[in-house]
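One structure is given below, encoded as structure tokens.
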Amino acid sequence: MSDLKEILKNLCEADGFGGLSGALDVAESYLSKYASVRRVGNNLIGEIKGKGSHTVMLDAHIDEIGMVVTSVKNGFLKVANVGGIDSRMLAAMKVTVHGKEDVRGVFCSAPPHLDKEDKVSKITDMYIDTGLGDKAEKIISVGDRITFEQSFKELAGDRVTAKSLDNRAGCAALISCAQKLSVEALNCNVIFLLSDMEEIGGMGAKTNTFSVFPDEAVAVDVSFGDTPDVSREKTGTLGGGAMLGVSPLLDRTVTDGLKNAAIQCGAKLQFEVMGGRTATNADSITLTKSGVPTGLLSIPLRNMHTPVEVVDLKDIESVASILAEYVLSK
Amino acid sequence: MQELKVLCELSGVSGRENAVRDYIINEIKDYADVKVDALGNVIAFVRGKKRAVKRVMADAHMDEVGFIVTYITDDGMLKFATVGGINVGVLLARRVRFDNGTVGVISMKPVHLLGDGEKDKMPSEDSLYIDIGASSSDEAKMAVAIGDCAVFDEPYEALGELVVSKALDDRVGCWALIDIIKSGPEYDFYATFTAREEIGAGARTSTFAVDPDYAVVIESTTAADIAGVPDDKKVCAVGKGAAVLFMDRGTLYDKDLFELTLSTAQKKNISHQIKTFVSGGNNAAGIHQTGDGVRTVAISVPCRYIHSASSVAAISDVKAVRDLSSAMIEKFASGELK
């Protein structure tokens, strides 16, 4: 578990979307110990070859939500969101602006004499304060990327909080799975795809699944964890194990295989049943070319798309164990 | 400014100022006679080069805004009340820290699951909770008890040419007052580092004990010099010097002393500005009406996003506030005013 925590901390504290490669660099440094790796654009592909021609692809998106700069004036920036961001949380929140150098920014917050507390501004109407005055324009340009800023911290039990646990938690599960498989003799090939641009439509998974065209795939993402403000039937329990996706869009055989793998390795499992689309990369992976039978495992996560996401490390371990067992069952 | 970083990163919610108080006493004990009153205020008699003709008290408050645990749910979630004025908008999705090091996060319903109209409405403070990762009430109670306090868990760091931190309000004042004490002042004076300002109880008992002729309140105040705000609503501007107050919602300041403060700043070439909006309040409210009354000035560091995890100020302003406060202490103590 301490290995996993270290991997996850380094993945989360790095930044990664829209060409920022910090998270990819961290992922590559780990994955390359267990698999042969290559970069395709801002995607990372690891491969462990086994006997035979059957290929299983495991996918986790590595991009995070963020923003792009749309204007720079007198040290204040305007921005647009990249991925779903709840603007209600932004006042006085810290960010990192990736200009010619990385600089700190803080979302402006209107003081009480100017603003009714209940008013919610659109993100595109808000400003980020860089504290740089006129110098900002020398360092920051329109189009520069912005990420949230929050270090990784341990909570009670095996729970941790950080930004971008969506979906570095999934990336950590794939790396941990690769570690387990690297010492085994495999009857199939395994592709680990850490894909870009899930938060804006899943382009990384689409194009790389096209190139790899595996015989089957499992997407790994996060899903809603249990919190008092969301009804229980919409959430998974933190610490309750991997959430197995069940949906008409997902392949029944792969799904059953994952369930059996969980039973075989004694990993905890809970179910997430959906009536159609899963809102993960599984949706595009399965529709690639003539079709890829696809399953879905999710890690329950609280406060999704905020800088204080929360997961339980035990659930990431469950996912890693189930994936490894599933590949070994081939 | 390492001392300011240390001061800002200490925890000191109103009524729980212990860590800040211990730090300050340790810093000034070799320069002053120090005692602590029944409400936790630090009262220091500072020996200057000369005896004061008039008794002067300079005040900075030690406490900061934060959170107090009111209830622990069966799921191990902490319900809380805010201590001091904090807008809901700056609470959502923040990390907080308890004195024993326990870390928690303030909940945020995922944006994906918001229903009709929820996106356009701030949640009520009452609907929020702190998640410390506990999965039961018993597990939560091992780390945190009802009545425990937490602060925003954010480091002090540079923001461009400025600095960003929790608790700049009013650790900047504490820093300035400590620095004045250590710099060898001209006249004897009383320095008070007060508790519970953020809940409106600050400085009353310490002022009663000191019974000063004059008071200098060293504070931080709202600056709204941000993009999109019209000039008449900016209140004061970060980087433009010490803000001198003529009125806030607690005090209509002594006009002669207000003007004297401005002219002193001018003569001594200390960067300064007038706070141009009547809002907020500080310890002057209690101080100026204590006993038979105390002639009071307030000198403040302009601070953007005050009462949040990320308040922003300029070090040049903190130094200007120190210099102007020091000059006013000296002027009042010398007895040159009638």
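Remarks
- Taking 17 Å as the straight-line reach from the Cα of A:K234, the lysines in range (excluding those fewer than 8 positions away in the same chain) are B:K109.
- One Cα centroid belongs to the range B:1-80, the other to the range A:85-164; the line between them spans 30 Å.
- Dividing the convex hull volume of the alpha carbon atoms of the range A:39-91 by its residue count gives 134 Å³ per residue.
- Furthest towards positive pole of dipole, B:S165, B:G202, B:Y190, structure part the range B:156-206, Cβ charges: B:G202
- Per-residue Cβ neighbour counts within 10 Å put A:L249, A:L238, B:L252 in the sequence B:L252, A:L249, A:L238, beginning with the fewest.
- Percentage of interatomic Cα-Cα distances in chain A larger than 25 Å: 50 percent
- Percent of C-alpha pairs per 5 Å bin in the range B:66-152, short distances first: 3, 14, 27, 24, 16, 10, 5, 1, 0.
- Span-like helix check, chain B: qualifying full DSSP H segments, with Cα axial length of 20 Å or more and mean Kyte-Doolittle of -0.5 or more, are B:168-182, B:315-333.
- Antiparallel %, DSSP beta bridges [both residues in the range A:172-330], to 5: 20 percent
- Antiparallel bridges, percent of DSSP beta bridges restricted to the range B:221-338 (to nearest 5): 45 percent
- Taking other C-beta atoms within 10 angstrom as a stand-in for reagent exposure, A:Y34, B:Y214, B:Y71 fall in the order B:Y71, A:Y34, B:Y214, fewest first.
- Shape analysis of the range B:201-328 yields a ratio of the Cα radius of gyration to the Kirkwood radius, Rg/Rh, of 0.97.
- All lysines inside 24 Å of A:K135 as judged from Cα atoms, apart from same-chain residues fewer than 8 positions distant: A:K73, A:K78, A:K94, A:K100, B:K234, B:K240, B:K319
- Counting only Cα atoms, the size of the range A:1-159 along its three principal axes is 69, 40, 24 Å, in decreasing order.
- If you wrap the tightest convex hull around every Cα atom of the protein assembly as shown and split its volume per residue, you get 147 Å³.
- Annotation for the range B:29-79: trypsin sites (Lys or Arg not before Pro) lying in DSSP loop with at most 12 further Cβ atoms inside 10 Å of their Cβ are B:K29, B:K49, B:R51.
- Direction-averaged projected area, Cα convex hull, the range B:124-238: 12.9 nm², rounded to one decimal.
- For the range A:72-148, the mean projected area of the C-alpha convex hull, equal to one quarter of the hull surface, is 5.0 nm².
- Paramagnetic reach from B:A81 (point 7 Å along Cα→Cβ, amide N under 15 Å) across the range B:183-206: B:198-201
- Average other protein chain Cβ within 10 Å of Cβ, residues A:223-232: 4
- Packing-based exposure ordering (other Cβ within 10 Å, fewest first) of B:T73, B:T290: B:T73, B:T290
- Residue of B:V312, B:V278, B:V294 that the Gaussian network model of chain B assigns the largest fluctuation, springs spanning Cα pairs under 10 Å: B:V278
- Translational diffusion of the range B:262-333 was estimated from the Stokes-Einstein equation, with Rh taken as the Kirkwood radius over Cα pairs; at 4 °C and 1.567 mPa s the coefficient is 93 µm²/s.
- Calculated diffusion of the range B:1-75, Stokes-Einstein form, Kirkwood radius summed over Cα pairs, 20 °C and 1.002 mPa s, µm²/s: 145 µm²/s
- Antiparallel %, DSSP beta bridges [both residues in chain A], to 5: 60 percent
- Cα convex hull volume per residue for the range A:194-257 (Å³): 128 Å³
- Cα-based reach from B:K50 at 16 Å (exclusive), listing lysines while leaving out same-chain residues under 8 positions away: B:K182, B:K331
- Translational diffusion of chain B, µm² s⁻¹ [Kirkwood Rh, Cα pairs; Stokes-Einstein; 25 °C; 0.890 mPa s]: 119 µm²/s
- Expected 222 nm ellipticity per residue - DSSP helices of 4 or more, -39500 (n - 2.57), all of chain B, to 500: -7500 deg cm²/dmol
Since every read-out is calculated from the coordinates, none of them should be taken as a lab result. Please read these numbers as outputs of a predicted model, since none were measured by experiment. Don't worry about glycine lacking a Cβ; one is built from the backbone with ideal geometry, like all the others, and counts go over all protein chains shown.
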